[in-house]
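Every number in this text was worked out from the coordinates using simple rules, so none of it is lab data. Everything numeric in this text was worked out from a predicted model, so none of it was measured. Reconstructed Cβ throughout: ideal geometry from the backbone, glycine too, with neighbour counts over all protein chains shown.
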């Protein structure tokens, strides 16, 4: 009987909430295999079922591992009934949680790591500049339906979509603000949840896995706005030094203004309250009205 190399561990996001750090550290365990390319985006495709062979081929060399990891932040961005902040696809795509269950099975483990939705949206905005999708004059408040900048942050709906499909026992939700302060303790908790020996982690965290793609941005707060330190000079330097930045436009980078954080805070007021009901620990780590100085 052929070896089953289907992934059975998913990191579903959110984008710009520490998924790369989490995935890299988990993949340091000898019983967790992750392909060199972290974000496969397999289940975000409209016809993912036509690319199964290529998807599984990425896991052949890790077939003996207990867990095979697919870490794709985009998996958290599911369709919601509220369409104020995204444009529905002209042709409906298979729902991501249901697609994961149908192909990988109901026992697949789902890990979700989240970050304050307003601050995550700002990081997502800078990411879109890195990808060459926005320019100098763009502002978050003027892009309410673009790139999931806003819609991804409605975590309670996205998590609810997963909980309709996967049991409580097969899901865990973490928060970057807490994970970042005690990674080792949370790693051990996750390994124990997976039934793995936490002490078996090899000393290879970070090998072959790229850092967060925004990690090298030098963002400053000038007392009013978030700006790229050195402006276009930083853009040109990053494009020259690191291939991950090759798509960035060679223009003065955009900024984030007080009006942007005010817009985001207003949008997420009810969502943060809802998350506090679902996860009381967020009351300690998520301010209802963060400022740009908190970024």
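Going by the alpha-carbon gyration tensor, a ≥ b ≥ c the square roots of its eigenvalues, is the range 102-204 rounded (a/c under 1.5) or, if a/c is not under 1.5, prolate (a/b greater than b/c) versus oblate?
On the way: a/c = 2.53, a/b = 1.64, b/c = 1.54.
Cα axes put the range 102-204 in the prolate bin.
Determine which residues of the range 39-70 fall in the zone a paramagnetic label at residue 4 would reach in this model, i.e. backbone nitrogen under 14 Å from the point 7 Å along Cα→Cβ.
So the set is 63-68.
Classify the range 1-117 from the C-alpha gyration tensor, please: rounded if a/c falls under 1.5, else prolate or oblate depending on whether a/b exceeds b/c. Show your work: numbers first, answer last.
Working: a/c = 2.27, a/b = 1.35, b/c = 1.68.
It is oblate, given that a/c is not under 1.5 and a/b is not larger than b/c.
At R0 = 35 Å, how high is the FRET efficiency between residue 145 and residue 193 if r is their beta carbon distance? Nearest 0.05 is fine.
On the way: r = 36 Å, r/R0 = 1.04.
E between residue 145 and residue 193, to the nearest 0.05, is 0.45.
Can you compute the helix-only [θ] at 222 nm over the chain? Use -39500 (n - 2.57) per DSSP H run of at least 4 residues, normalise by all residues, nearest 500 deg cm²/dmol. Show your work: numbers first, answer last.
Details: 10 runs with 96 residues, N = 295.
Calculated from helices alone, the mean residue ellipticity at 222 nm is -9500 deg cm²/dmol.
If neighbour count is taken as other Cβ atoms inside 10 Å, put 288, 131, 248 in order from fewest to most.
By the 10 Å Cβ count, ascending, the order reads 288, 131, 248.
Run the numbers on the chain and let me know its relative contact order in percent, using alpha-carbon pairs under 8 Å that are six or more apart. Display every interim value, and only then the final one.
Numbers: 420 pairs, mean separation 69.9, N = 295.
That works out to 24 percent.
What do you get for the angle between helix 183-193 and the principal long axis of the chain? Use alpha-carbon atoms, 0 to 90 degrees, nearest ten.
In the chain, helix 183-193 runs at an angle near 30 degrees to the longest axis.
Helix 232-241 against the longest principal axis of the chain: what's the angle in degrees, Cα atoms only, rounded to the nearest 10?
Tilt of helix 232-241: around 30 degrees.
Compute the projected area of the convex hull of the Cα atoms of the chain, averaged over all viewing directions, and report it in nm² to one decimal place. All intermediate terms of the calculation are to be shown ahead of the outcome.
Working: hull surface 63.6 nm².
The orientation-averaged projected area of the Cα hull of the chain comes to 15.9 nm².
Between 275, 171, 240, where does the largest GNM mean-square fluctuation fall for the chain, given springs only between Cα atoms within less than 10 Å?
240
Compute a Gaussian network model of the chain, connecting alpha carbons closer than 10 Å, and tell me which residue from 90, 109, 146 fluctuates the most.
In the Gaussian network model the winner is 90.
For residue 246 and residue 168, compute 0.36 nm times the residue count separating them, minus their Cα-Cα distance, and round to one decimal in nm. Numbers along the way, then the final one.
Details: separation 78, 0.36 × 78 = 28.08 nm, distance 4.12 nm.
Taking 0.36 nm per residue and subtracting the Cα distance, the gain is 24.0 nm.
With angles folded into 0 to 90 degrees, how steeply does helix 258-278 sit against the dominant principal axis of the chain? Use alpha carbons for both and round to 10.
With rounding to tens, the tilt is 40 degrees.
Any chance you could check the Cα centroid distance between the range 1-36 and the range 148-193 for me, in angstrom?
Centre-to-centre (Cα) distance: 14 Å.
Stretch residue 79-residue 52 to full length: gain in nm at 0.36 nm per residue minus the Cα-Cα span? Display every interim value, and only then the final one.
Details: separation 27, 0.36 × 27 = 9.72 nm, distance 2.28 nm.
So the extension gain works out to 7.4 nm.
Between the range 45-90 and the range 104-141, how many Å separate their Cα centres?
First find each Cα centre; the distance between them is then 16 Å.
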